1. Condition first: over 15 Å from the mean Cα position of the chain (by Cα), buried (at least 17 other Cβ atoms within 10 Å of the Cβ) and assigned to a strand (DSSP E or B). Can you find one or more residues in region 96-105 that meet it?
2. Out of region 20-37, which residues are of a type in the set (D, E, K, R), exposed (fewer than 12 other Cβ atoms within 10 Å of the Cβ) and more than 21 Å from Leu175 (Cα to Cα)?
3. Across region 38-50, what is the number of residues that are of a type outside the set (D, E, K, R) and surrounded by 17 or more Cβ atoms within 10 Å (Cβ to Cβ)?
4. Select from region 111-127 the residues that are buried (at least 20 other Cβ atoms within 10 Å of the Cβ) and either of a type outside the set (Ser, Thr, Tyr) or out of contact with any strand residue (DSSP E or B) (no Cβ under 7 Å at 6 or more places or on another chain) (or both) and list them in ascending order.
5. What residue, of Val15, Val91, is touching a residue at least 60 places away in the same chain (Cβ under 8 Å), touching a helix residue (DSSP H, G or I) at 6+ places or on another chain (Cβ under 6 Å) and of a type outside the set (Lys, Arg)?
6. Tell me yes or no: at least one residue of region 140-147 is in a helix (DSSP H, G or I) and among the polar types (S, T, N, Q).
7. Here is a check on your reading of the model: is Leu167 modelled with pLDDT under 95 and among the aliphatic types (A, V, I, L, M)?
Amino acid sequence: MNARSVVAVISGDLVKSRRLENDRSAVLDGVASSIKVTRSFLAAKHSKFLYSGFYRGDSFQCALSEPKHALWTALFLRAELKKLRRRDIRVDVRIGLGLGAFSTWNERDISASDGEAFQLSGKALDSLKSAKEKYRRLRIHTPWPDADAVFSILASFLDAVSQRWTLEQSEAISLSLINKTQEEISMALKVQQPAVQMRLQAAGYYAVKEALDYFGRAVEDRIIEKGPYNRPL
């Protein structure tokens, strides 16, 4: 691959979207809100974030100029969607995450972008729709076979943990992922600080944070190993 143009692409679609037709407006509002927070958080980390909006009714795509933040983005979006359960909306999302080169990077129209990362992301999402993996919600594909083996285990772990998040845990996880302190989370959720700590612990947040940190370091190390590269300006 061309190590001078590594990006990350997230391809997602809503699980059993037909049953969400009556709640479509609320789901779209929830996604729009989470995308706004995601873009702001990543901008502070000097990462461009592209978002397609929904197409074909239940699918969407995101692209990041800083690939080390891609897994964080996937987990944050999932936690945000699970928060919709407060409105009795049972929504979940399949996410295929691809890392690699890009041949075209169009910030006005993500659908006009293309390249290795986009293709690997689509491949990862397609595999989640197969009968063999129909209960999985997260898969990662990269151009690096040895790294893929480790990232596959990482994705399986994070998928298993996040599938079990309750509404309350998802709320606490979501705020923690954008670096809110337990005191700030306590005020936002109107609960005592010990309750926040218990929710984070039950959700496996500390293991999740360690896994996300590892992914970020591993991606950066692999890119450095391949040589310097230019991200999209």
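The values are calculated or read from the model by the stated rules, or taken from the named source; none is laboratory data. What you are looking at is a predicted structure, and each value in this text was computed from that prediction instead of being measured. Neighbour counts are summed over all protein chains in view; Cβ atoms, including those assigned to glycine, are modelled from backbone coordinates with ideal geometry.
1. Looking for residues that are over 15 Å from the mean Cα position of the chain (by Cα), buried (at least 17 other Cβ atoms within 10 Å of the Cβ) and assigned to a strand (DSSP E or B), one finds at least one in region 96-105, hence yes.
2. Glu21
3. 6
4. Gly115, Glu116, Ala117, Phe118, Leu120, Ala124, Leu125
5. When all the criteria are applied, what remains is Val91.
6. no
7. Taking the combined requirement at face value, the residue satisfies it.
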